[in-house]
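None of the figures in this text is laboratory data; all of them are computed from the coordinates on show. Quantities reported herein were computed from a predicted structural model and do not represent experimental measurements. All Cβ positions, even for glycine, are placed from backbone atoms using ideal geometry, and neighbour counts span all protein chains on display.
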Amino acid sequence: MTALRLDGVTKRFGGLLAVQDITVEIAPGQITGLIGPNGAGKTTLFRVINGSMPPTAGHVMFGDLEITGRSPHAICRLGICLTHQIVRPFLDLTVLENVTVPAAFGRGARAAGPARAEAEEVLEFTGLSARRSVAASVLTLAERKRLEIARALATRPAVLLLDEVLAGLNPAESERAVGLVRQIRARGVTIVMIEHVMRAVMALSDRVLVLNYGRLIADGPPADVANRPQVIEAYLGPRIEG
Ligand SMILES: Nc1ncnc2c1ncn2[C@@H]1O[C@H](COP(=O)(O)OP(=O)(O)OP(=O)(O)O)[C@@H](O)[C@H]1O
Ligand SMILES: [Mg+2]
């Protein structure tokens, strides 16, 4: 069984090959870390998976279903949802309203009443209940990141794509967010997470994929991947022998 399968996925922006011929299968129920230097193509790969942009070549499969080129809305309804690297809640809406909207339109759409009940449950789960009635604009960065996760969870995803949910958090906030990711996985959600906070991604992931210049340069258990010379070189640059 695979939750998600990429087959030769390539994305070109003019002369730039942002993602090059990625073939990979993601097993259900796992946390997969997606790492790599800035500009490696991580977010682009997420955008191709969730339908924000079509691939230049290749196929995206969700279970047995080909989803290549479908709209983000259709893909979300099927059960793949993305959190954004730059969080963008509806700033004028309350926290509860921000979560009720995706609850109504996600997998197995809901009427207004059940969507609101679902949103309340998600706010409880993500620790945002006390902030339910304030405008999203007054939230701290850590709370906005949690709201972004709550909005994604409200769509009842089978596969959750997390793009740098730990970025900008202090150690205590980061620890809390790591706990939340573990709880989401415990609910049976398959998670792929882009992360630069190496300690967290190594601790959380069952498997780590490393991108560099759009190519998959390593794939394996975290401890193993972290020690591979090509991964160290991708982060530090080529070693100068003296
Ligand atoms: N819409 C676009 N048009 C043109 N080039 C783009 C576009 N989106 C991304 N790129 C380029 O594609 C490459 C990969 O970008 P991407 O955002 O996927 O990297 P990333 O691995 O997510 O980096 P970071 O860790 O900094 O978030 C970069 O060189 C980027 O400038
Ligand atoms: Mg990115």
- [ ] Tell me which residues come under 5 Å, amide H to amide H, from ILE22 once H is placed; ignore anything under 5 positions away on its chain.
- [x] GLY8, VAL9, THR10
- [ ] Could you rank the peptides 33-43, 216-226 by their average count of other C-beta atoms within 10 Å per residue, with the highest value first?
- [x] 33-43, 216-226
TODO: Determine, for ARG199, ARG116, the number of other Cβ atoms within 10 Å of each Cβ, and report the residues in order from fewest to most.
DONE: ARG199, ARG116
Task: Relative contact order (percent, whole number), the stretch 1-159, Cα cutoff 8 Å, 6+ residue spacing - done: 21 percent
Open item on the list: Once you keep just the Cα pairs under 8 angstrom separated by 6 or more residues, what percentage relative contact order results for the stretch 129-218?
Closed with: 25 percent
- [ ] Select from LEU6, SER133, LEU78 the residue farthest towards the positive end of the dipole of the chain; place +1 on Cβ of Lys and Arg, -1 on Cβ of Asp and Glu, and compute about the Cα centre.
- [x] SER133
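Over 23 Å apart: what share of the alpha carbon pairs of the chain falls there, rounded to a whole percent?
More than 23 Å apart: 49 percent of the Cα pairs in the chain.
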TODO: Determine, for LEU147, LEU162, the number of other Cβ atoms within 10 Å of each Cβ, and report the residues in order from fewest to most.
DONE: LEU147, LEU162
